[in-house]
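Undergrad: Got a structure here, written out as structure tokens. Questions coming.
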């Protein structure tokens, strides 16, 4: 992609946001804390989740990609072997490995600022391998350019998923309540 989506400020989820995320995921979002990034179409595309779900279950994935179009495009990259290539580069490029370790540390620090999950890894395979591009792209979108080098790189490989308009309609939010969606 020539121009990545602009960075957006995190916001509290509105009823319309909760409805949109529920439609994107085809389920009620769990542990929803904030809209971490908003797609240029206006819908959420990355949510911030609580480090623990309401029942106390640890949920170490702080940033969760919700847009099905972006997720599908990332799935294509994964199927094409991009994760394997990135992991191989980590073993041979000390600067990339150091930047990726810094991304891991950033992810942990952001999650720990909410609640410490002692002994839990960050996400996406950080800091030693690439296990999930969805997580890395979500981190790159939420944190902004320059924080997660492999997330930025994967993001640059994606098509502009928002060009066809919103992936779901945010309409119908009247029936969604924060209590249901949280």
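The values are calculated or read from the model by the stated rules, or taken from the named source; none is laboratory data. Note that the structure is a prediction, hence the values are computed from the model and not measured. With ideal geometry, Cβ positions are generated from the backbone for all residues, glycine too; neighbour counts draw on all protein chains shown.
Undergrad: Can residue 99 be described as within 15 Å of residue 143 (Cα to Cα), surrounded by fewer than 21 Cβ atoms within 10 Å (Cβ to Cβ) and either at pLDDT below 95 or over 15 Å from the mean Cα position of the chain (by Cα) (or both)?
TA: yes
Undergrad: Also, I was wondering about something else. On the basis of being within 23 Å of residue 50 (Cα to Cα), modelled with pLDDT of 95 or more and either surrounded by 14 or more Cβ atoms within 10 Å (Cβ to Cβ) or under 12 Å from the mean Cα position of the chain (by Cα) (or both), does residue 143 make the cut?
TA: Criteria met by residue 143.
Undergrad: List, please: which pairs have Cβ atoms under 7 Å, are six or more places apart or on different chains, and start with a residue in the range 33-59 that is at positive phi and end with one that is surrounded by 15 or more Cβ atoms within 10 Å (Cβ to Cβ) and at pLDDT below 95?
TA: Every condition considered, the pairs that remain are 42/166.
Undergrad: Please go through the range 1-23 and pick out each residue that is in contact with a strand residue (DSSP E or B) (Cβ under 7 Å, 6 or more places away or on another chain), crowded, with 17+ Cβ neighbours inside 10 Å and within 26 Å of residue 146 (Cβ to Cβ).
TA: Passing the criteria: only 8.
Undergrad: Answer yes if at least one residue in the range 112-121 is within 17 Å of the chain's Cα centre (by Cα), within 21 Å of residue 7 (Cβ to Cβ) and crowded, with 16+ Cβ neighbours inside 10 Å, and no otherwise.
TA: No - not one qualifying residue is present in the range 112-121.
Undergrad: Of all the strands (runs of 3 or more DSSP E) wholly in the range 1-91, which have at least 2 residues that are within 20 Å of residue 130 (Cβ to Cβ)?
TA: 63-65
Undergrad: Out of (1) free of Cβ contacts under 8 Å to residues at least 40 places away in the same chain; (2) surrounded by 17 or more Cβ atoms within 10 Å (Cβ to Cβ); (3) on the phi < 0 side of the Ramachandran plot, the odd one out for residue 93 is which?
TA: Tallying (1) free of Cβ contacts under 8 Å to residues at least 40 places away in the same chain; (2) surrounded by 17 or more Cβ atoms within 10 Å (Cβ to Cβ); (3) on the phi < 0 side of the Ramachandran plot, residue 93 fails exactly one: (2).
Undergrad: Kindly indicate whether residue 87 is more than 22 Å from residue 35 (Cα to Cα) and surrounded by 14 or more Cβ atoms within 10 Å (Cβ to Cβ).
TA: For residue 87, the condition - more than 22 Å from residue 35 (Cα to Cα) and surrounded by 14 or more Cβ atoms within 10 Å (Cβ to Cβ) - is met.
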